[in-house]
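Engineer: Can you keep this structure in mind? I'll have questions shortly.
The values are calculated or read from the model by the stated rules, or taken from the named source; none is laboratory data. Since the model is a prediction, treat every value here as computed from it, not as a measurement. Please note: Cβ atoms are built from the backbone with ideal geometry, for glycine as well, and neighbour counts cover all protein chains shown.
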């Protein structure tokens, strides 16, 4: 047993920490997807995206952005431990990017046609392209394989009709799941495509309509995508026709411990304590001396540590060539819930300050990290997106513990 | 990073499980609940023979010199089998002597512990039931080459069968800093003036009150440094908490396994209740609690073994395990329905002990305050 990271992993952690502290100053944009909205509008969100991209470029120059990719695709073949250490410190330092390629890169590496690899992987490696993701539909959420968007072959094209939701469909390209066989069992009639949403001039392709959806705070967060007789070349298939479900489940052996979650929560706790230390001098009461406050802060710290250990376990399993399943679901279910409770709790103990938006000017500059209300709000969605908490618990119970369906 | 067990550790684990299944099955556990000593001499001798008592004792003193983590793995099995008797206490005193004993003390006690000749226990808490330095007030006055002890210790496990007690006492008045003036003594439990009264507890875990009346202890029996024993005691409390966590993890794993097995087989409305999502989510919560407990526990124990700073990690572990143990036990009962509430069902053997271990070496609140301190709040 050894809880210490390898020397190589420790050294990337130290190097990345120094690098981020030198190269990154958060300008007050939410770069994790939830915060830009608080600062105003779409322009601001766009600006946030540009800043994140600029930082990602620096990581590209350092050779870190694709350290997890296989050598044959220009990556660094980094060990799982190295990836884990790097991600942990990047999240702790609130860096706007760490590893590149998202979900699409590994899928293309394994299942993509040659032209796709040539066209997209180099751009993904340099942070020059982003994909929209077309998975969820209004009637296919947790039951994703029940998706209905229909693709019918017509000569060299598919003609696609249907609707997608809960993505942002503003990129030039989309990777999308469609139904190509309505008679087969639901997982076996799905095809995975990579297709142009917009043409070279930035206009949506014929048949595509996009409509924004606001979240509960009135800010634009997602879109709906309507497809009406949208023509997509048949060469867009990732993998094989009707085998799209399985291609989409490809994860490669990239680190997926979700270590960023406990790292970010730890940082939040530390920032909160700093804020109280700075502010309790001004007041008459030392909040941090109150037993119930200490108990709550320590309780969150304990849970963050427990979550961190569950994440390390996933990383360790991967480093052993094992495939974590229920172990990953434990991390997701536990991490989402803790994220929610910590942000809710901190905003409670901060009283009215916890509800202030950062748009009030310097006099009412937000405590913690400028992001408290936004992240608190965002946290509500984490146990829904990416597989709901209930789905995670089903996986733990059924695949992990062998309980009957 | 390697969060798995070595081949040797796997073997230690599987042999321990086999040993307990054969020598101390649940029927034995039940018998010992009715037994005054709480363990048979026969079993204690067998425990010595398989090498558990000498596991961490160096070879020169009759043991096999294995690590603290190895002891933790064994303790997990001891918890898994709810093994009755003073193994935990004897092991913890062994840890204390190894960490802080003189060569002479090691040579005197360790071989006897390793071969099963003496049973030992730690006598730390007093009637105020505190674990901080201010809670150590048992009076010990130096008279010539002896200390003379007057006072009492409470919640001393298995004192009634112990030959040796590790007793923190107050040798100087607590001034501004209660950490000053504490001395740890190795006390012959059969000394004149010691009286042991066994208490009845929910866990039938043989908690005792030990009173000391003019008990003479040689100054040669000071463990560590006289008057400066707090650091030694603090380390012992940490190791106690960490090893207790291991024991709890073993018990929790068995509670989970028992529950999963039950809900797979219990049929209502024509289907196993384990097919209902409400039950499945209970079980998923339990499994997450158990796995979280395991890794947070071993992180703390490993750090202690490596002599790394471990205040936060050990207290985080005990806080988490103490609380999750109660959740897991309560959920297991809910899943078992009425049968799990009966004496004939084995679940109660675990629930009652987990309840006792929750507060042993500090409960969640105690350790959260320690975490707060470690965070410099």
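Engineer: Any chance segment B:246-259 includes a residue that's assigned to a helix (DSSP H, G or I), farther than 16 Å from residue B:77 by Cα and at pLDDT 95 or above?
Structural biologist: Yes, that holds for at least one residue.
Engineer: Just to be sure before I move on: is residue A:176 at pLDDT below 95, on the phi < 0 side of the Ramachandran plot and outside any loop (DSSP other than H, G, I, E, B) in the structure I sent?
Structural biologist: Considered against the rule, which asks whether it is at pLDDT below 95, on the phi < 0 side of the Ramachandran plot and outside any loop (DSSP other than H, G, I, E, B), residue A:176 comes out as no.
Engineer: Given A:172, A:181, A:223, which one is more than 30 Å from residue A:376 (Cα to Cα) and touching a strand residue (DSSP E or B) at 6+ places or on another chain (Cβ under 6 Å)?
Structural biologist: None of the other options fit; the residue is A:172.
Engineer: Within segment B:123-166, track down each residue that is touching a helix residue (DSSP H, G or I) at 6+ places or on another chain (Cβ under 7 Å), more than 14 Å from residue B:182 (Cα to Cα) and in a strand (DSSP E or B).
Structural biologist: B:146, B:157, B:164, B:165
Engineer: Also: Scan (1) in contact with a strand residue (DSSP E or B) (Cβ under 8 Å, 6 or more places away or on another chain); (2) surrounded by fewer than 16 Cβ atoms within 10 Å (Cβ to Cβ) for the single condition residue A:133 breaks and write down its number.
Structural biologist: (2)
Engineer: Evaluate segment A:89-105: report whether one residue or more is part of a helix (DSSP H, G or I) and closer than 19 Å to residue A:234 by Cα.
Structural biologist: yes
Engineer: Could you tell me whether segment B:275-286 includes any residue that is at pLDDT 95 or above, within 27 Å of residue B:157 (Cβ to Cβ) and not assigned by TED's automatic domain parsing to the domain that holds residue B:202?
Structural biologist: Looking through segment B:275-286, none of the residues is at pLDDT 95 or above, within 27 Å of residue B:157 (Cβ to Cβ) and not assigned by TED's automatic domain parsing to the domain that holds residue B:202.
Engineer: Mind listing just one residue for me: the one in segment B:37-68 that is loosely packed, with under 15 Cβ neighbours inside 10 Å and in contact (Cβ under 8 Å) with a residue 60 or more places away in the chain and, of those, nearest to residue B:208 (Cα to Cα)?
Structural biologist: Checked segment B:37-68; the qualifying residue nearest to residue B:208 (Cα to Cα) is B:45.
Engineer: Kindly provide the set of residues from segment B:1-12 that are more than 12 Å from every other protein chain (Cβ to nearest Cβ) and in contact (Cβ under 8 Å) with a residue 60 or more places away in the chain, ordered by number.
Structural biologist: Matches in segment B:1-12: B:12 only.
Engineer: For the condition surrounded by fewer than 24 Cβ atoms within 10 Å (Cβ to Cβ) and more than 18 Å from the chain's Cα centre (by Cα), what is the one hit in B:374, B:284, B:332?
Structural biologist: Answer to the check: B:374.
Engineer: State which residue is nearest to residue B:76 (Cα to Cα) when the search covers only segment B:297-309 and only residues that are more than 8 Å from every other protein chain (Cβ to nearest Cβ) and under 18 Å from the mean Cα position of the chain (by Cα).
Structural biologist: Taking the candidates together, the pick is B:297.
Engineer: For segment A:349-381, what are the residues that are over 22 Å from residue A:297 (Cα atoms) and either in contact with a strand residue (DSSP E or B) (Cβ under 9 Å, 6 or more places away or on another chain) or at pLDDT 90 or above (or both)?
Structural biologist: Passing the criteria: only A:381.
Engineer: Pick from segment B:261-285 the residues that are in contact (Cβ under 8 Å) with a residue 24 or more places away in the chain and in a helix (DSSP H, G or I): which of them is nearest to the other protein chains (Cβ to nearest Cβ)?
Structural biologist: Only one residue fits best here, namely B:283.
Engineer: Could you say whether any residue in segment B:218-227 is under 30 Å from residue B:34 (Cα atoms) and surrounded by 24 or more Cβ atoms within 10 Å (Cβ to Cβ)?
Structural biologist: No, segment B:218-227 contains no residue that is under 30 Å from residue B:34 (Cα atoms) and surrounded by 24 or more Cβ atoms within 10 Å (Cβ to Cβ).
Engineer: Condition check: in a helix (DSSP H, G or I), at pLDDT 95 or above and within 13 Å of chain A (Cβ to nearest Cβ). Does residue B:370 satisfy that?
Structural biologist: Yes, satisfied.
Engineer: Can you name every residue in segment A:69-104 that is in contact with a helix residue (DSSP H, G or I) (Cβ under 6 Å, 6 or more places away or on another chain) and without any contact (Cβ under 8 Å) to a residue 40 or more places away in the chain?
Structural biologist: Hits for segment A:69-104 are A:77, A:101.
Engineer: Kindly indicate whether residue A:240 is farther than 30 Å from residue A:301 by Cβ, in a loop (DSSP other than H, G, I, E, B) and at pLDDT 95 or above.
Structural biologist: yes
Engineer: Now, a different point. Hey, among B:78, B:95, which residue is more than 14 Å from chain A (Cβ to nearest Cβ), surrounded by fewer than 23 Cβ atoms within 10 Å (Cβ to Cβ) and either at pLDDT 95 or above or under 30 Å from residue B:329 (Cα atoms) (or both)?
Structural biologist: Answer to the check: B:95.
Engineer: Would you confirm whether or not segment B:242-253 contains a residue that is within 14 Å of another protein chain (Cβ to nearest Cβ), crowded, with 21+ Cβ neighbours inside 10 Å and free of Cβ contacts under 8 Å to residues at least 60 places away in the same chain?
Structural biologist: no
Engineer: A follow-up question, please. When you look at residue B:206, is it at positive phi, modelled with pLDDT of 95 or more and buried (at least 18 other Cβ atoms within 10 Å of the Cβ), yes or no?
Structural biologist: Judged against the criteria, residue B:206 is a match.
Engineer: Suppose the filter is over 30 Å from residue B:71 (Cβ atoms), modelled with pLDDT of 95 or more and surrounded by 16 or more Cβ atoms within 10 Å (Cβ to Cβ); does residue A:58 pass it?
Structural biologist: Answer is yes for this residue.
Engineer: Kindly indicate whether any position in segment A:327-347 is within 21 Å of residue A:379 (Cα to Cα), more than 12 Å from chain B (Cβ to nearest Cβ) and without any contact (Cβ under 8 Å) to a residue 40 or more places away in the chain.
Structural biologist: The answer is yes, given that some residue of segment A:327-347 is within 21 Å of residue A:379 (Cα to Cα), more than 12 Å from chain B (Cβ to nearest Cβ) and without any contact (Cβ under 8 Å) to a residue 40 or more places away in the chain.
Engineer: Is segment B:305-315 home to any residue that is modelled with pLDDT of 95 or more, out of contact with any helix residue (DSSP H, G or I) (no Cβ under 6 Å at 6 or more places or on another chain) and in a helix (DSSP H, G or I)?
Structural biologist: The answer is no, given that none of the residues of segment B:305-315 is modelled with pLDDT of 95 or more, out of contact with any helix residue (DSSP H, G or I) (no Cβ under 6 Å at 6 or more places or on another chain) and in a helix (DSSP H, G or I).
Engineer: A further question follows. May I ask you to say which residue of B:294, B:353 is in contact with a helix residue (DSSP H, G or I) (Cβ under 7 Å, 6 or more places away or on another chain) and facing chain A (nearest Cβ under 9 Å)?
Structural biologist: Being in contact with a helix residue (DSSP H, G or I) (Cβ under 7 Å, 6 or more places away or on another chain) and facing chain A (nearest Cβ under 9 Å) holds for just one of B:294, B:353, which is B:294.
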